[in-house]
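Let me begin by presenting the structure, written as structure tokens, before commenting on it.
The values are calculated or read from the model by the stated rules, or taken from the named source; none is laboratory data. The structure displayed is predicted, hence computed values, not measured ones. Counting neighbours? That spans all protein chains shown, and the Cβs are built from the backbone with ideal geometry, glycine included. Just so you know, the surface numbers come from the protein's heavy atoms only, side chains and all, with ligands and any DNA or RNA stripped out. Shrake-Rupley method; radii C 1.70, N 1.55, O 1.52, S 1.80 Å.
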Amino acid sequence: MATAHSRVAARFMISPAVLLLLGWMIVPLSMTIYFSFLSYNLLMPGMEEFIGFTNYRFFLTDPAFFAALANTLLLVGGVLVITIVGGTALALLLDQPFWGQGIVRILVIAPFFVMPTVSALVWKNMFMNPVNGLFAHLAKAIGLEPFDFLAHAPLASIILIVAWQWLPFATLILLTALQSLDQEQLEASEMDGANFGNRFIYIVLPHMARAITVVVLIQTIFLLSVFAEILVTTNGGPGYASTNITYLVYAQSLLQFDVGGGSAGGIVAVILANIVAVFLMRMIGKNLEA
Amino acid sequence: MGKISLKNVTKAFGEAMVIPSLDLEIEDGEFVVFVGPSGCGKSTLLRLIAGLEDVTSGVIEIDGRDATEVPPARRGLAMVFQSYALYPHMSVRKNIAFPLKMAKMDAAEQERRVTSAAKILNLTDYLDRRPGQLSGGQRQRVAIGRAIVREPAAFLFDEPLSNLDAALRVNMRLEISELHQSLATTMIYVTHDQVEAMTMADKIVVLHAGRIEQVGSPLDLYRSPANRFVAGFIGSPKMNFISGAEAGKHGAHTIGIRPEHLALSTTEGAWQGKVAVAEHLGSDTFLYVNVNGMDPLTVRTQGEAGIHHGDTVYISPDAEHLHRFDASGKTI
Ligand SMILES: Nc1ncnc2c1ncn2[C@@H]1O[C@H](COP(=O)(O)OP(=O)(O)O)[C@@H](O)[C@H]1O
Ligand SMILES: [Mg+2]
């Protein structure tokens, strides 16, 4: 894009795509905004009327909202920490030459191909079930009381399940980054007297900064909208202990048939997601430059 | 101090024997050049000395101490890589200071050493830039800077100039030679370019397929090559080799004569031939001459010879500079 002419041509040529995407986004968004200002309950059809910000007031003052906000941030943060730390560790391991490397790499990637509902059910029924679950059997085998994960630590359990699903993604991206590191740099630092820890901190980690940024940004987008895992395991409970914003919007609009309130919640979720995005870009966006 | 000796060192990668048993002594303060064609094991040998590869068998001594099992960082050697291997996310200052930081040197001393290295290498104005913002020659200097701040017992260079353009290469060659004069530290320099070897070395080690063909001063190798390989490798343009009846007259399997030791005449001489190509360099003229019953001969004459493609010329070898080789390639 060197000349003014080619820049104009480029803008002209991408404009259809931009317009299509804009329309794609703007239509549902405006409808949601429109509904959020209505009193609109599916149980009372034909009674829609404009009520201003009332839906927002109800949604934002609901104690469930603050619980859900905290849960959303904990869920996103917890999964990010586990997948980045675990992914880096796994990538370092998989980068070592060992026998059966190819098969192990495929095994590591496998969880990513399991549907969220299926994996959540497997975790719920086969691992975390306090009577029949594998963890319960293990606990009994060493003489401990079985722990009912989903009842007593619902959010932590969901974080564990979601982290298990996203670990392969993080591992894969971080492994590619690791493999693109110039071996001569590592050898140079070895000659410069850097031990394994120093090489990791001063050479490997800065090299992986961009890949880590990509993992954080992409995962955050998906983790803000975790839903299936909550629906099939805890239904947001007990109480609101494992309800995130996405699940709260669902509960509001479909369990209580309140389309107006649900829409207001949806708009709040969009705004929150944007706030998170701005924070993230401020904090780590510079890693993506150059 | 930087006296390095290799005793019966061998190196194999799996089945492939890259360096069959090799002995070498490098004296303190010497500028030693490993030269040889690509793939002959120069880098491998350098990496063995650096400790980046383990020897398959044999002993490496540094200053009389057995260093075979000593890890690279503790051998007291500094290496400049062909790709420079600078740390891209650190400023030039941090790059140069990295080995000092790893040695936990105090900040004031680090700063003093970085500043003085930057002054020697003309990098003072670039200390706060990233390697990505530097030219090839400047990156090269940063890599050298990172090596000299450690005040190592010896410097190891692996083809450090091969990524630079021709003019810069000549400059950096001089700078490295000057650095060696002022530091008087042992330097081991790997190159496939015999011109670099001839111009920089105190001692040249000619390698071929992992074996040492000859060790000696540049002029030793030029005047009395031990075998046909060294004779052909050292000197530019390459030595002419003649075998068959002409060599038989001198009691040898093959005779060799350098292009600059062939006398050229348009009227009379030992061999008559036709000029295929004439390269006029101004200071010299290189002629490629087809002589009946021999491979084409290269002739070097001083100045402008006034001879062109297709001319008939007569060539006579200077008997004093004739090299004779037996059937196995050894000098007789
Ligand atoms: N890590 C390695 N594994 C297997 N073979 C290698 C390895 N490193 C070098 N070699 C082989 O050793 C020989 C010498 O390589 P090298 O020392 O790099 O040559 P040079 O630097 O003289 O060009 C080459 O034939 C190369 O293929
Ligand atoms: Mg090499």
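So for the protein assembly as shown, Kirkwood radius off the Cα pairs, Stokes-Einstein at 4 °C and 1.567 mPa s: how many µm² s⁻¹? The calculation lands on 41 µm²/s.
The equivalent ellipsoid that matches the C-alpha gyration tensor of chain A spans semi-axes of 39, 32, 16 angstrom, in descending order. Full extension of the segment from B:Asp28 to B:Ser283, taken as 0.36 nm per residue of separation minus the current Cα-Cα distance, would add 88.0 nm. Using R0 = 41 Å, the C-beta based FRET efficiency linking B:Lys94 and B:Thr199 works out to 0.75.
Determine the gain in length on full extension of the stretch B:Ala209-B:Ala184; use 0.36 nm per residue of separation and subtract their C-alpha separation, reporting nm with one decimal. Before the final figure, lay out the partial values.
On the way: separation 25, 0.36 × 25 = 9.00 nm, distance 3.08 nm.
Extending this stretch completely gives an extra 5.9 nm.
Spatially, segment A:239-290 and segment B:147-165 are offset by 55 Å when compared through their Cα centroids.
With a Förster radius of 41 Å applied to the C-beta separation of B:Ala108 and A:Leu288, the computed FRET efficiency comes to 0.65.
For segment B:113-214, the calculated P(r), taken from all Cα-Cα distances in 10 Å bins from zero up to the bin holding the longest distance, is 13, 46, 31, 8, 1 percent.
Compactness of chain B is given as radius of gyration and Dmax, 23.5, 76 Å, from Cα positions. Heavy-atom accessible surface of the protein assembly as shown, averaged per residue, reaches 50 Å², computed with a 1.4 Å probe.
Can you tell me how segment B:241-325 classifies by the Cα gyration tensor, rounded, prolate or oblate, using a/c under 1.5 as the rounded cut? Intermediate values should be presented prior to the final figure.
Values: a/c = 2.15, a/b = 1.68, b/c = 1.28.
Prolate, since a/c reaches 1.5 and a/b exceeds b/c.
Spacing of the modelled spin labels on A:Met126 and A:Val27, each 7 Å from Cα toward Cβ, amounts to 4.2 nm.
Between B:Asn292 and B:Thr56, the distance separating the two model label sites (each 7 Å from Cα on the Cα→Cβ line) works out to 5.2 nm. In this simple spin-label approximation, A:Ile221 and B:Ala166 carry label points 7 Å from Cα along the Cα→Cβ vector, and these lie 5.1 nm apart.
Which three numbers, in whole Å and largest first, are the semi-axes of the equivalent ellipsoid of segment A:13-57 derived from its Cα gyration tensor as √(5λ)?
Working: eigenvalues 198, 26, 8 Å².
Semi-axis lengths for segment A:13-57 are 31, 11, 6 Å.
With a Förster radius of 51 Å, plug the Cβ-Cβ distance of A:Asn274 and B:Glu260 into 1/(1 + (r/R0)^6) and report the FRET value to the nearest 0.05. Provide the component values of the computation, followed by the final result.
Working: r = 77 Å, r/R0 = 1.51.
Step by step, r from the Cβ atoms, then E = 0.10.
Look at where the Cα atoms of segment B:43-93 and of segment A:174-205 average out, and the two centres are 16 Å apart. Of the whole protein surface, A:Glu49 contributes about 110 Å² of accessible area at a 1.4 Å probe radius.
Give the A-B buried accessible area in Å², both sides summed, 1.4 Å probe, nearest 100. Provide the component values of the computation, followed by the final result.
On the way: alone 17230 and 15760 Å², together 31350 Å².
For chain A against chain B, roughly 1600 Å² becomes buried.
Is the shape of segment A:161-225 best called rounded, prolate or oblate, per the rule: a/c under 1.5 gives rounded, else a/b larger than b/c gives prolate, else oblate, with a ≥ b ≥ c the square roots of the Cα gyration tensor eigenvalues? Provide the component values of the computation, followed by the final result.
Numbers: a/c = 2.98, a/b = 2.85, b/c = 1.05.
Prolate.
Under 5 Å from the amide H of B:Leu156 lie the amide H atoms of B:Ala78, B:Met79, B:Val80, B:Ile188, each residue being 5 or more positions distant or on a separate chain, with H modelled from the backbone and absent for Pro and chain starts.
Rounded, prolate or oblate for segment B:1-152? Axes are the square roots of the Cα gyration tensor eigenvalues, ordered a ≥ b ≥ c, and the cut-off for rounded is a/c under 1.5. Show your work: numbers first, answer last.
Values: a/c = 2.34, a/b = 1.78, b/c = 1.32.
Here segment B:1-152 falls in the prolate category.
Counts of other chain beta carbons within 10 angstrom of each beta carbon in peptide B:77-90 average 5.
Quick check: at a probe of 1.4 Å, how many percent of the accessible area of segment B:241-325 sits on carbon and sulfur atoms? About 48 percent, which is the carbon plus sulfur part of the accessible surface.
When both segment A:6-32 and segment B:204-224 are represented by their alpha-carbon centers, they are found 69 Å apart. One equal scatterer on each Cα of segment A:4-80, no solvent, Debye formula: the resulting log10 I(q)/I(0) at q = 0.18 Å⁻¹ is -0.90. Farthest towards the positive end of the charge dipole of the protein assembly as shown, among the residues A:Gly52, A:Ile271, A:Ile284, is the Cα of A:Gly52, using unit charges on the Cβ of Lys, Arg, Asp and Glu.
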